[in-house]
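Worksheet for the structure shown next.
Coordinate-derived values only; no laboratory data. The structure displayed is predicted, hence computed values, not measured ones. Here Cβ is always computed from backbone atoms with ideal geometry, including for glycine, and neighbour counts include all displayed protein chains.
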Amino acid sequence: NNPKPIDHESWPDKFPAKSHCSRCGLCETSYVTHVSDACAFLGEGMKRNIDGLEEIVHGRRRMVDDMVWNGISTASKANDGENENDLIAEEGRFGVMHSPMVLARGKHVSGAQWTGCVTSVAVSMLESGMVDAVICIASEENVDEDSAWSSPKPILARSVEDVMRGRGVKPALAPSLNVMDELKNIPEIQKLLFCGVGCAVQGKTTNNISLS
């Protein structure tokens, strides 16, 4: 029997994480059977990401020997300029970094919240063939511009026009992963860029590993 997705209308009461659920969309797909291992709010939660997934995905865990939360690495206080200790402090907060970069203000993307840097990266990766598709958050159709931010709609973008639909911040819960059933029926998509929040990224990564 095929797993039965949970009806989104029953959120959050019938979802496994209950009131903690950020509605990433995983439970609304046939991958709901993986939720106990993938959800950032069940069991070991995000700790599972740091202790297991990082090494599988990146080849190593984040450097936490000097992890601090006061803005400055204790080991780097005695040194001037950037060094490995600064990177350690940043990895403690944000995870494994391969090529940290600072984004400068460039050409503005019309309709974006600020400069549209994430949208630009997604467009560039799609146009260059680095990825076959992008999962991003657009807005529900037929809503006025003032309400678009609160009507998030996950899409599987395969063209620049589709990616551009995802520009602009949507400060609302967005079930990014509910397009995964659509994705598994398109075998030509082998390289995917996923734009989403941390808990949804963990859910997507866990399922990638489970299915590989």
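Applying both filters, DSSP loop and at most 11 other Cβ atoms within 10 Å, to the trypsin sites (Lys or Arg not before Pro) of region 90-139 gives R105, K107. Each of the peptides 125-135, 43-53 was scored by the mean count of other Cβ atoms within 10 Å over its residues; in descending order, highest first, they stand as 125-135, 43-53.
Each semi-axis of the equivalent ellipsoid for region 122-177 is √(5λ) with λ an eigenvalue of the Cα gyration tensor; in descending order they amount to 22, 11, 8 Å.
Return the loop-located trypsin sites (Lys or Arg not before Pro) in region 147-196 (DSSP other than H, G, I, E, B) with at most 15 other Cβ atoms within 10 Å of their own Cβ; answer none if there are none.
Numbers: sites: R158, R165, R167, K184, K191; in loops: R158, R165, R167, K191.
Answer in residue order: K191.
Using packing as a proxy for protection, rank 26-37, 139-150 so that the peptide with the highest average count of other Cβ atoms within 10 Å comes first.
Working: 26-37: 19.5, 139-150: 11.5.
Ranking the peptides 26-37, 139-150 by packing returns 26-37, 139-150.
Taking θ as phi - 60° and the Karplus parameters 6.51, -1.76 and 1.60, the scalar couplings of region 149-154 work out to 5, 9, 10, x, 9, x Hz in sequence order, x denoting glycine and proline.
For the residue pairs K47/K191; K184/K204; K14/K204; K14/K170, the C-alpha atoms sit more than 19 angstrom apart in K47/K191; K14/K204; K14/K170. When you work out D = kT/(6 pi eta Rh) for region 158-212 at 20 °C and 1.002 mPa s, using the Kirkwood radius from C-alpha pairs as Rh and the Stokes-Einstein form, the result is 168 µm²/s.
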